[in-house]
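Have a look at the structure below before the remarks.
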Amino acid sequence: MTVIIFERNDPDSSTARDHKPANQEESAISKDPRVTHASDLEEEGYRQPLEASSPTTGSGSPDLMAGIKAASGTGLPAKPRPSLNRVLQDISASLGDLQTAVREADLRGEADRAAAESAMVEANRGYRDLFDLAPDAYLVTDAQTVIAESNPAAAAMLQVDQGSLQGKPLTHFIAEADRPAFQASLIQVREGGEKRNWEFRLQPGEGAPFSVSVNVSAQTDHRDQLVRVLWLLRDVRESKAEEDRLKSLLSRMKSSFHGVVDAVAEAVEIKDPQTAGHQRRVAQLAVAIAREMDFSLNRLEGIRVAGLLHDIGKIAVPMEILSKPGELTNLECEFIKSHCQIGFGLLKNIDFPWPVLQAILQHHERLDGSGYPAGLTDKEIILEARILGVADVVEAMVSARSYGPAQGIGQALEEIHQKSGILYDPEVANICLKLFVERGFSFD
Ligand SMILES: [Fe+2]
């Protein structure tokens with residue numbers, strides 16, 4: 001065991017000066033031959049240890065002075081303090097290591113820089129290839145749309161030599177009639193940074209103007225100043241032609257569809273001449289009601305088709321029953337009632353984009369469940385069928401039938417008013433009444 005006592009220069013300190021063994025145990029330790037001798041302290045270097053061989057009696061104690069001499073080298077073989085040299089050596093070694101590390105880092109940095117530059121060259125080459133080989137036209141212009149760069153596709157699109165594009169303003173190649181709109185949109189690009197699916201017409205070096213679809217991206221510098229505009233132009237002549245062709249085809253298909261619907265509606269009326277024009281007039285009133293209910297144009301088209309076809313099932317009902325004067329037997333009534341399901345069955349394989357089938361099936365359902373064929377109530381009946389139901393009753397009552405004379409619009413509206421909320425949707429009924437009373441609606 002080694003005990004070391006350090007002398008302090010603090011004159012007030014009594015730690016070493018006044019140290020006395022506090023007890024026998026401490027005293028015994030002081031006499032322990034294993035306590036530190038000066039030779040033990042040599043390795044400590046920067047310390048000023050004293051041999052704790054005897055109790056100290058004060059700063060002037062001979063023992064203490066002897067200890068100081070011993071520690072300072074006068075009482076012990078003089079040895080150089082290794083600490084300074086060692087520290088210098090250590091520092092020198094560390095500096096060497098550091099220099100080596102710096103050199104290695106430099107070498108690594110150079111290698112990294114070389115690799116990065118090589119990668120950049122490769123990347124630039126790749127981008128250049130993409131730029132040059134792209135099927136779409138690419139242009140790079142300054143903020144005033146003066147062309148700085150172009151790819152071969154751009155030159156081909158504009159029918160000029162690629163070299164002659166540089167320095168020319170892009171507006172030079174915009175169809176004259178489109179230039180005001182182009183300039184206006186260019187302001188949006190400058191403000192918004194980009195614009196997609198922008199269409200305008202280019203005026204090539206030769207030939208007529210043609211439409212292009214353009215995506216534009218504006219680039220700014222660190223001061224947020226617009227410095228460069230990237231343009232991607234795509235020739236949309238072919239897609240425009242295809243779009244026009246599809247529009248024309250769709251228009252013809254719509255025309256054909258309406259022709260078929262009208263023909264089917266007329267076929268029913270040929271079978272039952274007394275109801276001639278009934279479906280067309282029901283469709284007219286149903287569309288007028290639906291328009292007041294803010295139906296979209298597409299939904300209005302659906303209810304018009306449903307109105308024109310709502311009684312198509314009557315085509316399967318014997319003409320004798322349809323045109324029978326006077327009251328019908330129960331069996332005949334059931335035959336008549338079956339026209340809803342028959343109509344649904346006839347058209348069920350047609351994929352209408354509107355709820356035509358449900359409207360046909362439900363147009364005789366009533367809010368209180370007294371209708372047919374399913375006895376649906378309230379919102380179980382789709383809105384289109386609730387509208388058709390009101391329009392059907394009004395039209396039927398104002399038209400003469402084999403089973404009775406026309407009752408007139410007054411009685412028809414009275415029926416709707418009285419049964420509103422019971423048989424008929426109250427909102428639909430109210431709008432129907434307003435159409436006749438306030439808007440002057442009349443059947444064609
Ligand atoms: Fe009907």
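No lab work stands behind these numbers, since they all come straight from the coordinates. Everything numeric in this text was worked out from a predicted model, so none of it was measured. Counting neighbours? That spans all protein chains shown, and the Cβs are built from the backbone with ideal geometry, glycine included.
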Open item on the list: For a protection proxy built on the mean count of beta-carbon atoms within 10 angstrom, sort 378-386, 144-152 highest first, please.
Closed with: 378-386, 144-152
Task: Distance between modelled label sites at THR377 and GLN219, nm, 7 Å Cα→Cβ extension - done: 7.1 nm
Task: Spatial separation of Cα centroids for region 407-440 and region 296-320, in angstrom - done: 21 Å
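Subtract the Cα-Cα distance of LEU226 and GLN341 from 0.36 nm times their separation in residues, and report this length gain in nm to one decimal.
Numbers: separation 115, 0.36 × 115 = 41.40 nm, distance 6.81 nm.
The LEU226-GLN341 span can extend by a further 34.6 nm.
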TODO: Could you sort 305-312, 420-427, 204-211, 353-360 so that the peptide with the highest average Cβ count within 10 Å comes first and the rest follow in order?
DONE: 305-312, 353-360, 420-427, 204-211
TODO: Go through region 368-376 residue by residue and turn each phi into a ³J(HN,Hα) via Karplus (6.51, -1.76, 1.60, θ = phi - 60°); whole Hz please, and just put x for glycine and proline.
DONE: 7, x, 7, x, 9, x, 9, x, 5
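Beyond a 30 Å Cα-Cα separation, which of these cross-linked pairs lie in this structure: LYS379/LYS434; LYS324/LYS379; LYS168/LYS247?
Exceeds cut-off: LYS324/LYS379; LYS168/LYS247.
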